[in-house]
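Report on the structure given below.
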Amino acid sequence: QVQLVESGGGLVQAGGSLRLSCAASGRSFSNYAMGWFRQGPGKERQFVAAILYSANRPYYADSVKGRFTISSDNAKNTVYLQMNSLKPEDTAVYYCAASPLPIVVFTPTSYNYWGQGTKVTVSS
């Protein structure tokens, strides 16, 4: 069974940084996409970033380009989201997701597996 375990959320001031981790287990992820989504207060779940696990190919939402970096450590089956220059509007619960390819990586409904979320709060 696939399990996604997230860590790294917390409270940070605007302009600061956080690094989120998603440890995946249960099967080989060589043909998977791994994604990060977020859901802020009163908002729908939104795409943040994704990576094609084997190819190390990243995708980003326009709102985070230049600030966030997604990466993977295949030996550890772990995906990271490095978040720099954080803004109050980045405040949300962040979710890790995974699905076998092919999928449309920008769409939440594309993903089969989800973590439980980790909360990120950015103060002004």
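The values are calculated or read from the model by the stated rules, or taken from the named source; none is laboratory data. As the structure is a computational prediction, the values presented were derived from the model and not from experiment. All Cβ positions, glycine included, derive from the backbone under ideal geometry; neighbour counts span all protein chains shown. Keep in mind that these areas ignore ligands, DNA and RNA; they rest on the heavy atoms of the full protein, side chains included. Shrake-Rupley method; radii C 1.70, N 1.55, O 1.52, S 1.80 Å.
Laid out as a table, the results:
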item: Surface accessible to a 1.4 Å probe, F106 within the full protein complex, Å²; result: 100
item: Apportionment of accessible area to carbon and sulfur, the chain, percent (1.4 Å); result: 47
item: Surface per residue (accessible, 1.4 Å probe) for the stretch 53-124, Å²; result: 52
item: Of T69, T78, T107, the one that fluctuates the most in a GNM where the chain has Cα springs shorter than 10 Å; result: T107
item: Cα-only radius of gyration and Dmax that characterise the chain, units Å; result: 13.4, 41
item: Summed side-chain charge close to G15 - residues other than G15 whose Cβ falls under 14 Å, Lys, Arg +1, Asp, Glu -1; result: 0
item: Neighbour cut-off at most 12 other Cβ (10 Å), DSSP loop, trypsin sites (Lys or Arg not before Pro), the stretch 29-104; result: K43, K65
item: Partners for K43 among aspartates and glutamates (Cα-Cα distance below 20 Å; same-chain residues under 8 apart left out); result: D62, E89, D90
item: Equivalent-ellipsoid semi-axes of the stretch 1-69, from the Cα gyration tensor, Å, largest first; result: 23, 15, 13
item: Rounded to the nearest 20 debye, dipole of the stretch 38-90 from Cβ charges on Lys, Arg, Asp, Glu; result: 20
